[in-house]
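Down below is the structure, laid out as structure tokens.
The values are calculated or read from the model by the stated rules, or taken from the named source; none is laboratory data. For clarity, every value in this text was computed on a predicted model and none was experimentally measured. Cβ placement follows ideal geometry from the backbone for every residue including glycine, while neighbour counts extend to all protein chains displayed.
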Amino acid sequence: MIQNVYIVFTMTQTTVVVTTRIRKEIKEVLEKAGIKIPKVVRQHLEELAWKIQLKEETEKLRKILENVKPSEKGFAEKSVREDRESH
């Protein structure tokens, strides 16, 4: 008998306030154009943080791969052939 299993994850996000100053003219131009400054700044910072994390993880993988020796010549061909013949 299969029973339904429900798993509920609750994530709380801790936020902080980041403040910056820009020239009044810049703010006026952006607001006049309908730009939601906090939203744009938030999106940019989130994207920037994601790029930084991606770069760090890529570097970790690169270091791991430095220690991996390449496969022998013909390995891929041999593996594909074995796989096809096993079916």
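Can you tell me which residue is surrounded by the fewest Cβ atoms within 10 Å (Cβ to Cβ) among those in region 37-76 that are part of a helix (DSSP H, G or I) and acidic (Asp, Glu)?
Step by step, filter region 37-76, then rank; the result is GLU66.
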(request) Could you check how many residues of region 23-36 are under 22 Å from GLU46 (Cβ atoms) and either at pLDDT below 90 or surrounded by 10 or more Cβ atoms within 10 Å (Cβ to Cβ) (or both)? (result) 6
